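Student: To start, I am sharing the structure in question, which I have written as structure tokens.
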């Protein structure tokens, strides 16, 4: 008589135990989903917002287009060298030397672009550096400020006497000549001059788009003392 | 009711309560971030990742093409003294343009995000930004650097810095975030002395105090710089 209720009681305990384990498993599952979902949300909110991502996508598209052009150009150079035609290598090397001298600011250059004139008192090296950064982002390929060639590595500093480029003071008004895609540079120059005109320190800020901007200033190549090719 | 029964019921109640809380949290999180918003965000992230993949592939191909061109030029130069002279000139120009890997003594500078101030609100002064990196780079170039790489990205005469708070974009990206490592090969003593000068890099130093932004550097007798692996086009420039 007493064996049956005992068996039923044991079964009931077992079922209850299994239920508890099942519920605990469910809790663990839901908790994992919850934590992962929150981590995902946090990552998305802390990392970057959708607008920043959209800008990043735009930048990457432009960068990849630019890399594709470089690949195509290098492919053409390789094909020319592989052709084995007389003088092909000399032609490729001569073109490359000419291009690199222009990139490094070692030769006078010309091309389409913009000329910006900023007349102001109290502008600092930071203001000039900002302008140069904006123009670089707008596709500047060669830059000159008051007959001083500017490339990466040419220091722009603030001193007691004013703003210096490569240790030479550049007194206002600043005339910034830039060669590159005139349309893109025109948009950048327009925005820049609008902002500058709203600045109390600025007396005048104008720009003109030109079909042929001439940059005559050059830099002197500094031979390497410490670095060796590896 | 036995004590074991009571314990089981209490345990069940506890587990049910926990389940309730977790489910409520899940529902709340989904209400805060509607699933379609998250999906849109994830699609954007996927796009960025794909574009970054393409970017990396293109860089590898460009590096490989430059290597092949160099070999072909060397073969041609071996057959003619005039071509060899041209090749030497181009090699020197390429080295100055950052198109050749180089090594030598120098310094490694590390910039790392600080911590947000207690009442800094939406201020981002604790984040390393592109101006900080540009300031360090300008200082190093002014003090004898002959070549510089930032997080393994070699700088060229046309290099440009941009970005937003906490993001540093150099040339054709993709963006870097803290920590940022600037490696410069050149006059190690001059560069170290300049970095030691408390009046140098005033912007970063002020934020070292305010937000504990990190700026550390270390001299090294032998550092390596990779070759530039991106676009160096000047389609609108013609030599006069």
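Student: As I understand it, the value is the acute angle between the Cα axis of helix B:202-211 and the longest principal axis of the Cα atoms of chain B; what does it come to in degrees, rounded to 10?
Tutor: Rounded to the nearest ten degrees, it is 20.
Student: How would B:171, B:187 line up from fewest to most surrounding beta-carbon atoms within 10 angstrom?
Tutor: So the ranking, lowest neighbour count to highest, is B:187, B:171.
Student: Quick one: if you stick a label point 7 Å off each Cα along the C-beta vector at residue A:228 and residue A:24, how many nm between them?
Tutor: 6.8
Student: To the nearest 10 degrees, how steep is helix A:88-103 against the longest Cα principal axis of chain A, on a 0 to 90 scale?
Tutor: Orientation of helix A:88-103: about 90 degrees from the principal axis.
Student: Relative to the longest principal Cα axis of chain A, at what angle does helix A:3-47 sit, 0 to 90 degrees, rounded to 10?
Tutor: Tilt of helix A:3-47: around 10 degrees.
Student: Let me check the size of chain B from its C-alpha atoms; what are the radius of gyration and Dmax in Å?
Tutor: Radius of gyration, then largest Cα-Cα span, for chain B: 26.9, 105 Å.
Student: For region B:35-94, which semi-axes, largest first and in whole Å, follow from the square roots of 5 times the eigenvalues of its Cα gyration tensor?
Tutor: Gyration-tensor ellipsoid for region B:35-94: 46, 9, 4 Å.
Student: Which value in deg cm²/dmol, rounded to the nearest 500, describes the helix-derived mean residue ellipticity at 222 nm for chain A, given -39,500 (n - 2.57) per DSSP H run of n ≥ 4 and division by the residue count?
Tutor: So the calculated ellipticity at 222 nm is -19000 deg cm²/dmol.
Student: State, in angstrom, two size descriptors of region B:100-225 derived from its alpha carbons: Rg to one decimal place and Dmax to the nearest whole number.
Tutor: Here Rg and the maximum Cα pair distance are 14.2, 47 Å.
Student: To one decimal place, what Kirkwood hydrodynamic radius in Å is obtained for the protein assembly as shown from all pairs of distinct Cα atoms?
Tutor: Taking every pair of different Cα atoms in the protein assembly as shown, averaging 1/r and inverting gives 26.1 Å.
Student: Using only the alpha carbons of region A:110-215, determine the length spanned along each of the three principal axes and report them from longest to shortest in whole angstroms.
Tutor: That works out to 37, 30, 20 Å along the principal axes.
Student: Next up: If we count other beta carbons within 10 Å of each Cβ, what is the order of A:80, B:181, B:87, fewest first?
Tutor: B:181, A:80, B:87
Student: Fully extended, how many nm does the chain gain between residue B:74 and residue B:192 (0.36 nm per residue separation, minus their Cα-Cα distance)?
Tutor: Contour length minus Cα-Cα distance gives 38.7 nm.
Each value in this text was obtained by applying a stated rule to the coordinates, not by laboratory testing. On a predicted model such as this, the values are computed, not experimentally measured, just so you know. Here Cβ is always computed from backbone atoms with ideal geometry, including for glycine, and neighbour counts include all displayed protein chains.
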